[in-house]
1. Subtracting the Cα-Cα distance from 0.36 nm times the residue separation, let me have the gained length for A:Glu541 to A:Asn272 in nm, one decimal.
2. Run the reach check for A:Lys513 against lysines, Cα to Cα strictly under 25 Å, same-chain hits fewer than 8 apart removed. What comes back?
3. Can you tell me the length gained on complete extension of the stretch A:Val634 to A:His85, counting 0.36 nm per residue apart and subtracting the Cα distance?
4. Using the Cβ atoms and a cut-off under 12 Å, what net charge is assigned to the surroundings of A:Glu631, where Lys and Arg are +1 and Asp and Glu are -1?
5. From Cα pairs below 8 angstrom and at least 6 apart in sequence, can you work out the relative contact order of region A:363-522, rounded to a whole percent?
6. Ranking request for peptides A:389-398, A:586-595: highest mean number of other beta-carbon atoms within 10 Å first, then the rest in descending order.
7. Between A:Ala415 and A:Asp462, what FRET efficiency comes out of the Förster formula 1/(1 + (r/R0)^6) with R0 = 35 Å and r the beta carbon distance, rounded to 0.05?
8. Within 14 Å, Cβ to Cβ, of A:Gln40, how many net charges do the neighbouring residues add up to if Lys/Arg are +1 and Asp/Glu are -1?
Amino acid sequence: MTPRRILVTAALPYANGPIHIGHLVEYIQTDIWVRFQKLQGHRCIFICADDTHGTAIMIRARQEGRTEEEIIAESKTAHENDFRHFDIEFSHYGSTNCPENKELCDKIWASLRQAGLVIEEDVSQLFDPQAGVFLADRFVKGTCPNCKAPNQYGDNCDKCGATYTPADLIDPVSTLSGATPEIRSAKHLFVQLEPLREFLTHWTQTSGALQTEVANYLKGHFLGKELRNWDVSRPAPYFGFEIPDAPGNYWYVWFDAPIGYVASTAQWCKLNNEKLDDWWRNGETEIHHFIGKDITYFHTLFWPGMLKTAGYNLPKQVHIHGFLTVGGEKMSKSKGTFVKAATYLNHLDPAFLRYYYASKLGPRLDDLDLNLEEFVDKVNADLVGKVVNLASRTAKFAQASGLSAQYPDDQGLFAAGVEAGAEIAAAYEGGDYAKAMRIIMELADRANPYVEHAQPWVLNKDPNNAVRLQEVCTVALNLFRQLAIYLAPVLPKLAKQCGELLNDPITSWNQAKQPLLGTKVSTFTHMMQRVKKEDIEKMIEESKPAETTEPAAATPATGSQWNDSGEPLQKEPLAETCTIDDFVKVDLRVARIIAADEVPEARKLLKLTVSMGGDAVRTVFAGIKAAYKPEDLVGRLVIIVANLQPRQMKFGLSEGMVAAAGEGGAEVYLLSPDSGAKPGQRVH
RNA sequence: GGGACCGUAGCUCAACGGUUAGAGCAGGGGACUCAUAAUCCCUUGGUUGCAGGUUCGAAUCCUGCCGGUCCUACCA
């Protein structure tokens, strides 16, 4: 077999936040694939970097009174630490904010220019005169032009789902300064994709680089109509690279981020005396990108378009995975399921997460669910109970004798393991780790009964059985070693421990084909600790935001005692000052929910019938379906905006609005008056 | 509304159109005491979502329905 030359990337994590267990799905998945390729004897490098540019970093730097460089340096260190602790082993971990990246951006840009793909257009954008910056959609809030819901972001309304541009917002407010933004027109540079349609259609549909569902998705949603031009520039100020032939303009972060793959490779090349062109401009090299489904279109349309135009290798494959859910739900900070890598490490062995993810990952882009009970069962039963147990129960009997010089009869167990090797390898190669784990555990399930029937502990009692005892242990330990080799991409530590135990390091997949003979056996020490349910609970507890824990009843309230996070206010700054006259325009009333019904066709809505006393009964649709069950609502008092203009909705007329706090989705908290309030009373 | 995928034991998942639909975990019974309350043996558990169709033969292929997930659009 000729060794392949493979360059693998995982998506570049943004330098504005910590690594969490959702990110880790991707990095673990990718690391497993890379380790597998290396074990196969292929030349395989794993390239990644921090993604550093963009508005968010710039804003944060301002808020914290630091430079962007300080923030991204800090972030890079933290990310690299997290990855290292999870045994994610990059060949090189760079940063998009490096000279190599700037240089490559220049070159690729020049190619795009030369191909005539770059055009200029004026774009009207909201500008914050106080902060002196153009505002990305998420930094503008205002009233939805469609449904009049207040406090909506600049791109779409999470009350009504309408999409619009920030300029459409009524009474827009900059979330940076609170100032009223003004519309300013600025020149933007666009890359035309339409001229690349034929190439992109061909590449996405026939190259085999994409999962079929992805190819279908692109065909249906993008390639079926005219491809829109891609806005790749942002006017100053912007943290990024200035565009050489358009001073005062910077490349949009998504332009230079994927180029960071190449730049980081360039850095690796310098450190390792390699040529960049061997890796990015050589048909022999396979490029594999691992990404999440949220960034599909950057990697399957823009990126190949850029590579093609600039004369670089196209990806051989883009491996796209789904999102992580925990217990079947989106990760949630308040539920403590938004677990940071560093928090996980305080409580659990990273090997467990690697194995658990491996056991759930398939080649599709389905979401992956982390079920905490299943996590405990799987890790304890499979890894500790089956695999490690093989060594744990036999190693000490073989310490004196070492392994036999000849491999004894084992009823074909080792040979069966050899045979399964090809199928396991194919599963790893195809990204079907779940299948690989299944086959490996089937092998493990056959190994323990062998030990049981051979009864080494009985043999050990009579010195006359020494030879037989050595044989039994030789079989058991070789079966263990075979499993450790097959699991090595997932559990590199276990492979290392196995190598130490049997005094022969695991370096190649092919080692699984021949039994290890005649080596010494070291003293056995535990290779993994069982997971305790309490560890998980503690981890979840630590992941919950420090907030209103039940105050001790007797202690007087002081401002600092509750330790409430400043995050909600930061996320949604105060609106502009309003006068008492403004306020009295809004008629808030106490109302009783007298009926609550599902609206089957609606995803978010419940239909509430509320009474303000007497005959004053209203129908109100409220986007609280994910947070409340209808039966729990009937009878309770709420606060409604009673004089809101009625709104015709698909499901009926909504005659008001129920007041609630929270981020939306399942995080919605209805307001209630204290007891004593009566339906119909106004809130002053 | 459009699209993709899925529905198999309590749970997680297997099963080239071909014996009696199988594993692991969980449950029940027993055994062992080398091993981290680990392990081994036996065992309960299924109208393969429902209804049709194609076929000598369907979990598998086709159609419809029901239910779920994701994407996309719309609606407040």
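1. This chain segment gains 92.4 nm when fully extended.
2. Reachable lysines: A:Lys38, A:Lys386, A:Lys396, A:Lys435, A:Lys493, A:Lys496.
3. Extending this stretch completely gives an extra 192.6 nm.
4. Here the count lands on -1.
5. Relative contact order, region A:363-522: 35 percent.
6. A:389-398, A:586-595
7. 0.75
8. Computed value for this residue: +4.
Just so you know, all these numbers are worked out from the coordinates, no wet-lab data involved. Note that this is a predicted model, so its numbers are computed, not measured. Note: ideal-geometry Cβ built from the backbone for every residue, glycine included; neighbour counts use all protein chains shown.
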